[in-house]
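The values are calculated or read from the model by the stated rules, or taken from the named source; none is laboratory data. All values derive from a computational prediction rather than experimental measurement. Cβ: placed from backbone, ideal geometry, glycine included. Neighbour counts: every protein chain shown. Just so you know, the surface numbers come from the protein's heavy atoms only, side chains and all, with ligands and any DNA or RNA stripped out. Shrake-Rupley method; radii C 1.70, N 1.55, O 1.52, S 1.80 Å.
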Amino acid sequence: MESNLITGLILAGGLGRRMSGADKGLLLLGHRTLTAHVIERLRPQVGTLLINANRHLSRYAAFGYSVISDAFDNFPGPLAGLHAGLSEARTPWVVTAPCDSPMLPRDLVARLYAAAQQHNAPLAIAKTGDRLHSVFALANRHVLPDLTAYLQDGERKVALWFSRVGGVEVPFDDQAEAFHNINTQNELELLQQRLLLSQETFS
């Protein structure tokens with residue numbers, strides 16, 4: 001895999017509804033934000049990095065990477081973030097990871113890319129068990145027109161669009177825990193406790 005062919009896109013554009021509206025990417029895990037943890041894991045796997053955010057843009061810009069916002073109003077979800085990334089990227093491929101999954105696999109991109117090449121697929125999506133992790137996806141920029149039309153039609157379902165354009169599922173059952181994401185304050189506190197007890201740094 002040539003990492004310079006791939007732009008990494010951190011999805012931080014949500015409303016954090018289950019976090020009482022908190023901007024999850026800026027919450028602290030240990031002494032660093034969740035976004036900083038994700039950057040540490042994703043940055044070595046890609047040629048360049050972008051952050052998709054719709055709030056607190058200057059705080060996200062402080063991480064040192066370009067910040068892009070959705071082109072669609074009303075926070076339509078992760079597909080809008082992918083759309084922004086595909087529109088901005090100058091590489092053939094874009095890989096996404098959410099800002100609230102600080103333990104994402106260190107070989108995420110290599111495995112998604114290998115599967116896309118093997119199956120000649122424009123999309124590759126991580127999967128554990130029978131669950132698709134559709135915010136962990138690698139997409140070729142050729143899918144941008146179809147995604148634009150899909151969103152303009154008011155569609156939002158990620159799995160439906162992936163199926164429509166011929167995405168391939170990539171098993172990560174050997175690293176299922178790596179896809180754990182922080183949806184609530186309680187989940188964040190539990191991970192904080194684990195961090196303290198085990199002295200993990202996720203580095």
With the condition kept exactly as written, say whether any residue in segment 62-74 is touching a His at 6+ places or on another chain (Cβ under 8 Å), over 21 Å from GLU40 (Cβ atoms) and surrounded by fewer than 17 Cβ atoms within 10 Å (Cβ to Cβ).
-> yes
Quick one: would you say ASP100 is crowded, with 22+ Cβ neighbours inside 10 Å and among the charged types (D, E, K, R)?
-> yes
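What number of residues within segment 97-121 are assigned to a loop (DSSP other than H, G, I, E, B) and closer than 23 Å to ILE51 by Cβ?
Of segment 97-121, the ones assigned to a loop (DSSP other than H, G, I, E, B) are 99-107, 120-121.
If we keep only those that are closer than 23 Å to ILE51 by Cβ as well, we get 99-107.
Number of matching residues: 9.
Restricting attention to segment 129-143, does a residue exist that is of a type in the set (D, E, K, R), open to solvent by less than 70 Å² (accessible area, probe 1.4 Å) and in contact with a helix residue (DSSP H, G or I) (Cβ under 7 Å, 6 or more places away or on another chain)? Step through it out loud before you land on a result.
From segment 129-143, those of a type in the set (D, E, K, R) are 130-131, 141; that's our starting set.
Cutting the leftovers down to open to solvent by less than 70 Å² (accessible area, probe 1.4 Å) gives us none.
No, because not a single residue in segment 129-143 is of a type in the set (D, E, K, R), open to solvent by less than 70 Å² (accessible area, probe 1.4 Å) and in contact with a helix residue (DSSP H, G or I) (Cβ under 7 Å, 6 or more places away or on another chain).
Hey, can you tell me all the residues within segment 1-27 that are among the hydrophobic types (A, V, I, L, M, F, W, C) and at pLDDT 90 or above?
Residues satisfying the conditions are LEU5, ILE6, LEU9, ILE10, LEU11, ALA12, LEU26, LEU27.
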Residue pairs meeting the criteria (Cβ under 9 Å; at least 6 apart or on separate chains; first without any contact (Cβ under 8 Å) to a residue 24 or more places away in the chain and more than 25 Å from HIS142 (Cβ to Cβ), in segment 163-185; second in a helix (DSSP H, G or I) and open to solvent by less than 40 Å² (accessible area, probe 1.4 Å)) | none
All but one of (1) of a type outside the set (Val, Ile, Thr); (2) assigned to a strand (DSSP E or B); (3) modelled with pLDDT of 95 or more hold for SER134, so report the exception by its number.
-> (3)
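Kindly indicate whether ALA110 is modelled with pLDDT of 95 or more, out of contact with any strand residue (DSSP E or B) (no Cβ under 7 Å at 6 or more places or on another chain) and aliphatic (A, V, I, L, M).
Details: modelled with pLDDT of 95 or more: yes; out of contact with any strand residue (DSSP E or B) (no Cβ under 7 Å at 6 or more places or on another chain): yes; aliphatic (A, V, I, L, M): yes.
Yes; evaluated as a whole, the condition is true for this residue.
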Pairs under 8 Å by beta carbon, first residue in contact (Cβ under 8 Å) with a residue 40 or more places away in the chain and farther than 17 Å from ALA80 by Cα in segment 52-70, partner of a type in the set (Gly, Ala, Ser) and open to solvent by less than 50 Å² (accessible area, probe 1.4 Å), six or more apart or different chains?
-> TYR60/ALA12; TYR60/GLY25; TYR60/ALA53
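Residues are listed down the side, and each one gets a yes or a no for (1) more than 19 Å from GLU88 (Cβ to Cβ); (2) more than 19 Å from the chain's Cα centre (by Cα); (3) modelled with pLDDT of 95 or more:
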position: LEU144; (1), (2), (3): no, no, yes
position: LEU147; (1), (2), (3): no, no, yes
position: ARG156; (1), (2), (3): yes, no, no
position: ALA159; (1), (2), (3): yes, no, no
position: PHE162; (1), (2), (3): yes, no, no
position: ALA178; (1), (2), (3): yes, no, no
position: GLU189; (1), (2), (3): yes, yes, no
